[in-house]
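The values are calculated or read from the model by the stated rules, or taken from the named source; none is laboratory data. Just so it is clear, the structure is predicted and the values come from calculations on it, not from any experiment. Heads up, the Cβs are rebuilt from the backbone with ideal geometry, glycines too, and the neighbour counts pull from every protein chain shown. For the accessible areas, the whole protein counts, side chains as well, though only heavy atoms, and no ligand, DNA or RNA atoms are used. Shrake-Rupley method; radii C 1.70, N 1.55, O 1.52, S 1.80 Å.
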Amino acid sequence: MQIQVLVDEFSGECPSSVDRTRCFFGSGLLPIWSVQHFLAELFMSLGLVKSALSVYEALEMWDQVIECFTVLEHREKAEQLIRERLQLGETVDLLCSLGEVTYDTGCFERAFQLSGERSAKAMRLMGRMLFFRKEYEAAIPALEKSLSINKLQLNTWFLLGTAAFRTEKWELAAGAYRHCASMDSENHEVWNNLSAAYIKLKQKDRALRTLEEALRCSYENWKIWENYMVIVGHLRKPSVPTIVSWI
């Protein structure tokens, strides 16, 4: 890669430092650490995590080193490094990272308190962890706190809607999915789930309209068509829908 060649050239002996100095001001040369950082990010985007890890360690970019350890599932090394950094002082990001590698929700609560209850990240990670543990009732308050701080979190809204649906909180589920639809109107799964919430709320007219939106996004999806026909049958509206005009 060209960026790798640039990094290697920094330590090369040719051309001489005298020749390099002549072009220094005209080249717009970045500091070596900036170029190495860019190289490490490129490695991460290509899935070359070990290569990125060696660069981050050389740059002493500990947050990124922890991320690499986590991706490589070297959780013991990640935990050891995090605890070493915590001895120098607690930060919200370090406590969140510790919670991720130890699966301890108490770390997220401590991070949230340390931030003055302003860290959407801490509550998002806590809610996500509880969700995947299938502790939906406990996940909902954490997700709601995160969204009250930062509403522009599409995936968090979706998790909240799913957790609410699985705990039979239909109004909350519908509201969460509506937020998802307002942020990503081309996601057929969001529209389909919103329709399911409306059905539970006995709002079949709204369910029909949201299914039409789902079909607009994924016209060939037979599951959505099946749901659509069931709703049409219940509403006794056998007429051909306006969706035909989309063909």
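S182 sits with roughly 90 Å² accessible to a 1.4 Å probe, with DNA, RNA and ligands left out of the calculation. Our summary gives the chain a relative contact order of 7 percent, counting only alpha carbon pairs under 8 angstrom and 6 or more residues apart. Taking amide H as placed 1.01 Å from N in the peptide plane, the amide H of D104 sits under 5 Å from none that are at least 5 places away or on another chain. Here is how the number arises for the chain: DSSP H runs of 4 or more residues each give -39500 (n - 2.57), the sum is divided by the residue count, and the result at 222 nm is -22500 deg cm²/dmol.
Using the Cβ-Cβ distance between K200 and R75 with R0 set to 45 Å, the FRET efficiency works out to roughly 0.70. Entry note, the stretch 38-146: relative contact order of 14 percent, from Cα contacts under 8 Å with a spacing of 6+ residues.
Straight Cα distances below 20 angstrom link K223 to the aspartates and glutamates E186, E189, D205, E212, E213, with same-chain residues fewer than 8 positions distant left out. Relative to the dominant Cα principal axis of the chain, helix 136-149 is inclined by about 70°. Bridging of K50 to lysines at a Cα separation below 21 Å is possible for K77, once same-chain residues fewer than 8 apart are set aside. Cross-link partners for K134 among the aspartates and glutamates, with Cα-Cα distance under 17 Å and sequence neighbours closer than 8 places in the same chain left out: E100, D104, E144, E168.
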